[in-house]
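Only one structure is covered here, and it is reproduced in the block below.
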Amino acid sequence: MERFDVVELKEMARQIRRDIIKELLISKSGHSGGPLGLADIFACLYFNILKVDPNNPRWEERDYFFLSAGHLCPVWYATLARRGFIPLTELTTLRKINGRLQGHPAPPWTHGVPGAEVASGALGQGLSIAVGCALGLRLDKKPNRVYVLHGDGELDEGQIWEAVMTAGHHKVDNLTAIVDRNNCQIDNYTDKVMELEPLADKWKAFNWHVLECDGNDIEQFLRTVKQAQELRGKPKVILAHTFMGKGVSFMENDYKWHGVPPNDEQGKQALSELTPTKYGDFIEFEWERQLVEVGAK
Amino acid sequence: MPKYQCKELKATRLGFGEALVELGHENPNVVVLGGDVTGSVRTDLFMKAFPDRFISVGVSEQDMMGTAAGLALVGKIPFASTYGEFATGRPFDQIRQSIAYSELPVKICASHCGITVGPDGATHQSLEDIALMRILPHMTVASPCDYHQAKKMVKASVQWNHPIYIRFFRDNTPVFTDPNGAFEFGKADVLINGTEVTVIACGLQVWEAILAEEVLAAEKISCRVINMHTIKPLDKEAIVKAANETGAIVTAEDHQIHGGLGGAVAEVLAQTIPTPQEFVAVNDTFGESGKGDELMKKYGIAKDDIVKAVHKVLKRKRKL
């Protein structure tokens, strides 16, 4: 696949946001705010940055991607569907029995989705796995890159800092961690629940390269990842500043949208703000029919 | 004379450490994770022989399990090793999600298990590890009875493509199995045949059971002794056969009475052939400091306790 350019990525991010809203409207359960805030980053990862093959998710030459904060999976599933790992219509099965789109992701060999390497959901475990993966690849002198994505609230977990220390100690420079720095977690804003600042200094103190960018600015994010790829000698972290709920006015930067789906009315409004794209919706007619039914009641 | 001879005293953890070095020579994918207790768990031997394939993660057991999972994902054969309590209790959630649910064939090899770790006291006496590990889907749980079996088990684990937990002990303990004998996970060893009662033991209690059998034989009680080295998957066939043929079961282990080998055997019996069973195990209490053999006696998991349990279960059997 040709790498998408910035214009195409913007369009794809908007489509992914539409998909997230639709997934959640159908499942009536799941996380809204974080996934919406990450649509730009996921579009960049899967349509520009990561070396992946949707027809062969376990391709030996793939880049490894771990979603450590598993609850953010609606954006991952939408992106995997858009990239061809799963059929688009499968997005209607989020959190449903006998499906592969678990409420928190699992790998395909254990009820889960192609593209997932491990299970995640209990927070703070992805970085250790990513470090192990990167160390293993380095032992074999393989060029594959390893990426792991964390929520900022997730950084409250002690295991994260164990792994940060391990990665710094072993100078794991084939690893890039991305922190979704949206300042929100379930209970409140992160500085109310548990102060994380000075966050960049913390990572630096553990011997990491630290980069920061606007995670909702596609050009900036791509540039920052490129920069990270060229840095050597230490693991890299990108503190990507995003807005929870980005793209939907009434959800933006409101921590209360961490863990709840929109209701039908809110979904309708969200979709009207996220205008249709050239990629097309996966259940357009069914969804419109459902809206009509709701309106008639 | 007991039916097996104690040839020498050697620690199961040493068998583990030596097997790792052999594996290191045989298979370039074998890697070992160290949690700062390498001299104790005997991964120091591998560290010296293969420094490039030894990964120190510091005293961070939760991170160790995740790192091991990542290594397994890319085709390495990771052995994660520390003390029993810190290999199971502390990183339980990491093992559950990153290893068991994710089905990554990490080898969790813990030393200093059971009350016999002794002087370190209750914080270091892992008496819950079998229970914690055996309730996890996809997990294999094994406990070798001596140095030779430890070695064989560790070597066999490389071909065993599942997450696995193996428990070793600190002390030098009797070596009595045949170094050339076969070993297979999930296939119990019937060490002594008997007709009236069966002792099903794992770990150090296998030797205690052999000693107990000598006492019982002198009392003209015909006792079968089974080394149940794999607690999961359990050799149900051997248990049902023993229940059918001897009609009374005693289980023996260096572990809490709840959820360990005894519990696993009782689950099988309840579902197949309900049979009187007595449990030789630590009776729902924490331990204390002391020497391993002193603690075994005080906490009721030594030879004499097995003999008593056999007497008790035979009384119950006769009332049926």
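The values are calculated or read from the model by the stated rules, or taken from the named source; none is laboratory data. No experiment lies behind these values; they were computed from the predicted model shown. As a convention, Cβ positions derive from the backbone with ideal geometry for all residues, glycine included, and neighbour counts pool all protein chains shown. Areas reflect the complete protein model, heavy atoms only, side chains present, ligands, DNA and RNA absent. Shrake-Rupley method; radii C 1.70, N 1.55, O 1.52, S 1.80 Å.
Observations, loosely collected:
- Length-normalised contact order for the stretch A:45-149 - Cα pairs under 8 Å, 6+ apart - percent: 31 percent
- Amide H contacts under 5 Å for B:Trp160, placed H, 5+ residues apart: none
- Euclidean distance of C-alpha centroids, the stretch A:1-66 and the stretch B:170-184, integer Å: 54 Å
- Residue with peak Gaussian network fluctuation, chain B [Cα springs, cutoff 10 Å], from B:Thr173, B:Thr123, B:Thr43: B:Thr123
- The stretch B:9-175 - charge dipole about Cα centre, Lys and Arg +1 at Cβ, Asp and Glu -1, debye rounded to 20: 340 debye
- Each Cα pair under 8 Å and six or more residues apart adds its separation to the average, and for the stretch A:202-251 the resulting relative contact order is 42 percent.
- Between amide H atoms placed 1.01 Å from N, distances below 5 Å from B:His255 occur with B:Val282, all of them 5 or more places distant or on a separate chain.
- The charge dipole of the protein assembly as shown, taken about the Cα centre with unit charges on the Cβ atoms of Lys, Arg (+1) and Asp, Glu (-1), comes to about 1260 debye, rounded to the nearest 20.
- The stretch A:4-10 - phi-based ³J(HN,Hα) in whole Hz, Karplus 6.51/-1.76/1.60, Gly and Pro as x: 5, 8, 4, 4, 5, 5, 4
- Sulfur and carbon atoms: percent of accessible area, the stretch B:75-197 [1.4 Å]: 48 percent
- Normalised contact order of chain A, rounded percent, pairs of Cα under 8 Å and 6 or more residues apart: 23 percent
- For the residues B:Glu26, A:Glu197, a 1.4 Å probe over the protein chains yields an accessible-area ranking, largest first, of B:Glu26, A:Glu197.
- Dipole-positive endmost among B:Gly181, A:Trp161, A:Leu135 within the protein assembly as shown (Cβ charges, Cα centre): B:Gly181
- If both residues of a DSSP beta bridge must be in chain A, then about 5% of such bridges are antiparallel.
- Beta bridge orientation in chain B: antiparallel %, DSSP, nearest 5: 20 percent
- Using alpha-carbon coordinates, inclination of helix B:236-246 to the longest axis of chain B, degrees: 20 degrees
- Ellipticity estimate at 222 nm from DSSP helix runs (n ≥ 4, -39,500 (n - 2.57)) divided over the protein assembly as shown, nearest 500: -11500 deg cm²/dmol
- Take each residue of peptide A:120-128, count the partner chain Cβ atoms within 10 Å of its Cβ, and average: the result is 6.
- Segment A:Asn56-A:Ser249, extension gain: residue separation times 0.36 nm, minus the distance between their alpha carbons: 65.7 nm
- Carbon/sulfur fraction of accessible area - the stretch A:141-276, other protein chains in place, 1.4 Å, %: 50 percent
- Per-selection Kirkwood Rh - the stretch A:1-125 (Cα, Å, 1 d.p.): 14.3 Å
- Accessible surface buried at the B:A interface totals approximately 2200 Å², computed with a 1.4 Å probe on protein heavy atoms.
- Placing unit charges on the Cβ atoms of the charged side chains and taking the dipole of chain B about its Cα centre, the candidate lying farthest along the positive direction among B:Pro137, B:Ile221, B:Ala270 is B:Ile221.
- When each of the peptides A:32-44, A:13-25, B:149-161, A:259-271 is scored by the mean number of other C-beta atoms lying within 10 Å of its residues, the order from highest to lowest reads A:32-44, A:13-25, B:149-161, A:259-271.
- Taking only the Cα atoms of the protein assembly as shown, the radius of gyration and Dmax are 27.8, 89 Å.
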